[in-house]
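Below is one structure; the comments refer to it alone.
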Amino acid sequence: MKKIIDKLYNKQTLSRDEFIYLINNRNEEADEYLFKLARKRREEYYKKDVYIRGLIEYTNYCKNDCYYCGIRCSNKNADRYRLSKEDILLCAEEGYKLGFRTIVLQGGEDPCFTDEKMVDIISALRNLYPDCAITLSIGEKSYDSYKKYYDAGANRFLLRHETADEVHYGKLHPKNLSLENRKKCLYDLKDIGYQVGTGFMVGSPYQSAENLADDLLFIKELNPEMVGIGPFIAHKDTPFKDKKNGSFELTLFLLGIIRLMVPTVLLPSTTSLATIDKMGREKGILAGANVVMPNLSPMNVRKKYMLYDGKVSTGDEAAESLNHLKESMRKIGYEVVVDRGDNVRVSI
Ligand code: 5AD
């Protein structure tokens with residue numbers, strides 16, 4: 001194990017078989033070894049800084065029906081909401097005052113938010129906060145739509161590929177969605193000039209070690225600025241309600257691997273990680289992550305953006321939860337900074 005981890009550290013890539021070997025043979029000793037190297041690599045580029053992103057979950061309407069997701073259109077128990085432009089601007093204002101310099105608009109694929117509406121919201125944010133990065137996480141759109149949002153002032157886009165295996169993709173999604181289109185979207189976004197984030201769930205139903213190795217190889221090929229991964233967590237109102245949750249330990253292990261494979265990557269310690277372990281956020285950072293995405297959505301809608309059961313939402317106001325986060329990062333030797341937190345590879 002150590003030999004392969006050393007090779008990854010030095011060469012920043014491995015063969016498919018070597019990735020499979022790592023995944024199938026992970027153990028505590030290998031974890032410690034990997035995480036130490038991952039922290040070392042992370043600190044070469046990002047020191048002990050932790051970047052924060054203000055997440056605004058502006059709609060939980062979604063036209064898609066992904067089998068794993070709590071806001072899939074067939075879930076009649078979901079309590080649907082949309083934020084108005086004014087609500088969104090208020091969230092952003094609060095975030096800015098607290099020191100956030102990246103605003104993330106995340107939502108289901110909600111046709112009510114037409115290109116015109118999105119451009120209006122993005123332009124307003126761009127004018128009000130010229131020093132902030134604007135990140136979109138709003139799903140699959142046409143090249144033209146992505147270009148319009150970019151021209152309006154959006155800089156970054158998060159779109160997890162979910163799984164890089166066609167057959168596995170088909171087991172997680174209904175027929176109208178394809179891996180091919182997902183990949184096309186990611187390459188379109190890159191072509192337009194966005195800083196791009198992709199990623200996958202760890203332990204999603206039917207996932208094999210081979211699938212995970214292919215996810216890693218796809219990430220290597222795409223060479224994104226950001227990668228988001230988190231454990232699959234079952235949601236009670238989905239077809240996957242009885243499926244097993246993903247492994248916390250394997251998620252940490254994969255964070256470490258991704259840090260070594262794409263050394264400058266912006267890598268969040270995700271909410272799903274914090275949901276399955278009460279020290280999840282901290283352990284994610286200690287495995288090589290360098291980003292946290294606190295929730296800026298209004299209190300009354302937070303519980304409604306339920307992608308999976310038990311999704312943590314502190315019940316604290318944004319200010320209070322940010323203080324907790326700062327304190328918890330300080331305790332493990334890291335520091336939340338006021339910064340756009342661009343990838344060091346990107347010159348602005
Ligand atoms: N468990 C964990 N992650 C999930 N996501 C959606 N549903 C779940 C779930 N049940 C993730 C997907 C999506 C991101 C916004 O949330 O990977 O891309």
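Values quoted throughout were computed directly from the atomic coordinates according to the rules given, and no laboratory measurement underlies them. Since we're looking at a predicted model, the values are computed, not measured. Positions of Cβ are generated from backbone atoms using ideal geometry, with glycine treated the same way; all protein chains shown enter the neighbour counts.
Observations on the model:
- Multiplying the residue separation of residue 2 and residue 304 by 0.36 nm and subtracting their alpha-carbon distance yields 104.3 nm.
- Debye, to nearest 20: dipole size of the chain, +1 on Lys, Arg Cβ, -1 on Asp, Glu Cβ: 360
- Residues in segment 239-253 carry Karplus couplings, in order, of x, 9, 4, 9, 7, 6, 6, x, 7, 4, 5, 5, 4, 4, 4 Hz; the curve used is 6.51 cos²θ - 1.76 cosθ + 1.60 with θ = phi - 60°, and Gly or Pro positions show x.
- Within a Gaussian network of the chain (alpha carbon springs, distance under 10 Å), most fluctuating of 185, 132, 112: 112
- With pairing defined as another cysteine C-beta under 4.7 Å, the cysteines of the chain that fail it are 62, 73, 91, 112, 132, 185.
- Mean-position separation - Cα centroids, segment 178-232 and segment 105-172, in angstrom: 16
- The average projected area of the chain, computed from the convex hull of its Cα atoms over all directions, is 15.5 nm².
- Residue (of 51, 74, 61) at the positive-pole extreme of segment 38-86, dipole from beta-carbon charges: 51
- Placing pseudo-labels 7 Å out from each Cα toward the beta carbon at residue 86 and residue 36 gives an inter-label distance of 5.8 nm.
- Percent antiparallel among DSSP beta bridges (both partners in the chain, rounded to 5): 5
- Seen from residue 71, the other residues with C-beta closer than 9 Å to its C-beta sum to a net charge of +3, counting Lys and Arg as +1 and Asp and Glu as -1.
- 3J(HN,Hα) from dihedral phi, segment 202-212, Karplus parametrisation 6.51/-1.76/1.60, rounded to Hz, x for glycine, proline: 9, x, 5, x, 6, 6, 10, 4, 4, 4, 4
- Against the empirical 2.2 N^0.38 Å (N residues), segment 51-183 has a Cα radius of gyration ratio of 1.10.
- Selected from 164, 92, 319 as most flexible by GNM, with the chain as the system and alpha-carbon contacts under 10 Å: 319
- Length gained on full extension, residue 145 to residue 115: 10.2 nm, using 0.36 nm per residue less the C-alpha separation.
- Along its three principal directions, the equivalent ellipsoid of segment 222-322 from the Cα gyration tensor extends over semi-axes of 23, 18, 12 Å, largest first.
- For the chain, built as a Gaussian network whose Cα springs stay under 10 Å, the top-fluctuating residue of 173, 161, 324: 324
- Cα-Cα pairs of segment 192-266 separated by more than 14 Å (percent): 62
- For segment 2-337, the relative contact order is 24 percent, taking Cα pairs closer than 8 Å that sit 6 or more residues apart in sequence and dividing their mean separation by the residue count.
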